[in-house]
Amino acid sequence: MRVQELRAPSSIADRPLVLVERPDPAPAPGEVLVRVHACGCCRTDLHVVEGDLELGHLPIVPGHQAVGEVGALGAGCHLLDVGDRVGVPWLHHTDGDCQFCRRGEENLCERADFTGWTVDGGYADALTVPEAFAVRLPDGLGDVEAAPLLCAGVIGYRALRRGEVRPGERVALLGFGASAHLALQVLSFWGCETVVLTRGERHRELARELGASWVGHATDAPPEPCDRAIVFAPAGELVPVALALVRPGGTVALAGIHMSTIPPLDYALLWRERSLRSVANMTRADAAEFMALAAEAGIRTEVETYPLEAANEALGAIAADAVRGAAVLAIA
């Protein structure tokens, strides 16, 4: 099988991913082999490739938004059948026994594995995943369209929940890439008014098309305070901007796994019970809830496709904020 392999992290401009041939992986007991049809490309993949996230071993195959069909079952598998269509998300495995797993907070598991970071991911013709962590996909959604839902969609949904968004509220989205363009559609389904602050004109254009009530640059101020704000851009300097946008009692959620340094905050930005929260990973419940919501709400993914051979180019486009919506590798 073909894989895009990272042997040493470096700037995406150096084209660090190398296309190589490997034998198909064999599913261990409790695992399934997934023949990959499409895999979304994520800014987190860029952080892996460029070394912003510490790597436990090399080489590694990035990619944690893989869609495909089950090609083989390991011993003891009973939830899935060969031929089932599934997604493979960021959360690859948890120990099920640490203090966080026992609390139902498996996204904080101390010994978790993550697809495309600590174990090989979906920039490949095939990969393996524990059967219990594969996500069943709703009917009527194509492979390419479904791929960004597995991280961009699920993490955006978790960020909205962490931000305590309620139906009908005014919500600011700072940064408008793969995750935010899906979150905006959830907000519309919930009857929320959405304002978008982003530096790219292509992103502002998409936000308007998807129904944002106000769109501007991060240096602009929307006409009224917001109830909640979600920061999708990995830019720490946007945190005080977001806090300044929300009303007293409002909440700011930070959706990224990696962010540049947050500058010193004037306490006045937090005073009067404004809250600042981070988002860490996702749970299987998040994925199941969001997939059901995406089917109910008719979530539309805006995608730009690349062949597996062009994975470096796809991540380069993300780095340059040149992707309108989400980038997806069409593999099979």
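The values are calculated or read from the model by the stated rules, or taken from the named source; none is laboratory data. None of the values given here were measured: they were computed from a predicted structure. Quick reminder, even Gly has a Cβ in these numbers, built from the backbone with ideal geometry, and neighbours come from all protein chains shown. These accessible areas exclude ligands, DNA and RNA; they are computed on the full protein's heavy atoms, side chains included. Shrake-Rupley method; radii C 1.70, N 1.55, O 1.52, S 1.80 Å.
Some notes on this structure:
- Options Met291, Ser278, Ala268, ranked by Cα towards positive dipole end of segment 264-332, top entry (Cβ charges): Ala268
- Longest exposed-site-free window of the chain, the sites being trypsin sites (Lys or Arg not before Pro) in a DSSP loop that have at most 16 other C-beta atoms within 10 Å: 8-102
- Cβ-Cβ distance of Arg277 and Ala132, R₀ of 25 Å, FRET efficiency by 1/(1 + (r/R0)^6): the value works out to about 0.35.
- Gain on full stretching of the segment that runs from Asp52 to Asp97 - 0.36 nm per residue minus C-alpha separation: 13.3 nm
- Value of Rg to Rh for segment 226-315 (Rh from inverse mean 1/r over Cα pairs, i.e. Kirkwood): 1.08
- Comparing Cys226, Cys41, Cys101 in a Gaussian network model of the chain, where Cα atoms under 10 Å apart are tied by springs, the biggest mean-square fluctuation is seen for Cys101.
- Difference of contour (0.36 nm per residue) and Cα-Cα distance, Glu110 to Ala221: 36.0 nm
- Values of log10 I(q)/I(0), in the order q = 0.07, 0.09 Å⁻¹, for the chain under a Debye, Cα-only, solvent-free model: -0.27, -0.44
- Accessible area (Å², per residue) of segment 20-140, counting only protein heavy atoms and a probe of 1.4 Å: 41
- Remark: segment 161-203 carries 36 Å² of accessible area per residue (probe radius 1.4 Å; ligands, DNA and RNA excluded).
- Full extension of the segment from Leu265 to Arg161, taken as 0.36 nm per residue of separation minus the current Cα-Cα distance, would add 35.0 nm.
- Distance from segment 221-273 to segment 78-133 (C-alpha centre basis), Å: 31
- Placing +1 on the Cβ of every Lys and Arg and -1 on the Cβ of every Asp and Glu, with nothing else charged, gives the chain a dipole about its Cα centre of roughly 800 debye.
- Accessible area of segment 114-242 belonging to carbon and sulfur atoms, whole % at 1.4 Å probe: 49
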